[in-house]
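Values quoted throughout were computed directly from the atomic coordinates according to the rules given, and no laboratory measurement underlies them. Just so we're clear, the structure is a prediction, and the values are computed from it rather than from any experiment. Please note: Cβ atoms are built from the backbone with ideal geometry, for glycine as well, and neighbour counts cover all protein chains shown.
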């Protein structure tokens with residue numbers, strides 16, 4: 001009959017801990033690789049023009065508010081940035 005010593009049980013515990021740690025690390029790594037793969041596909045699909053439109057709308061709204069405030073204060077207007085000038 002085979003008998004387990006305390007040393008055998010401790011080695012088995014260490015082995016189980018290493019295997020569990022390795023499995024957790026691989027699971028996290030796979031998750032991160034999946035997220036990065038999705039990001040690469042998104043970037044490869046091209047620019048997000050809808051997102052860019054939203055940003056430009058916010059920027060132009062802020063620009064209009066700035067011009068209005070400058071007129072209210074009687075300041076010289078700030079020149080229009082190249083971003084907001086329509087292409088010719």
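Quick notes
- The chain: angle of helix 49-73 to the longest principal axis, Cα-based, in degrees nearest 10: 40
- Between residue 17 and residue 41, full extension at 0.36 nm per residue minus the direct alpha carbon distance yields a gain of 5.0 nm.
- Angle of helix 6-44 to the longest C-alpha principal axis of the chain, folded into 0 to 90 degrees and rounded to 10: 20°.
- When the Gaussian network model of the chain links Cα atoms closer than 10 Å, the mean-square fluctuations of 39, 72, 57 top out at 72.
- Residue 2 paired with residue 73, simple spin-label distance in nm, labels 7 Å along Cα-to-beta-carbon: 8.3
- Rounded to two decimals, the Cα radius of gyration of the chain over 2.2 N^0.38 Å is 2.52.
- Altogether, the Stokes-Einstein calculation at 4 °C and 1.567 mPa s, with the Kirkwood radius of the range 1-46 over Cα pairs as Rh, returns a diffusion coefficient of 95 µm²/s.
- Every helix of 4 or more DSSP H residues in the chain counts as -39500 (n - 2.57), and over all residues that averages to -26500 deg cm²/dmol at 222 nm.
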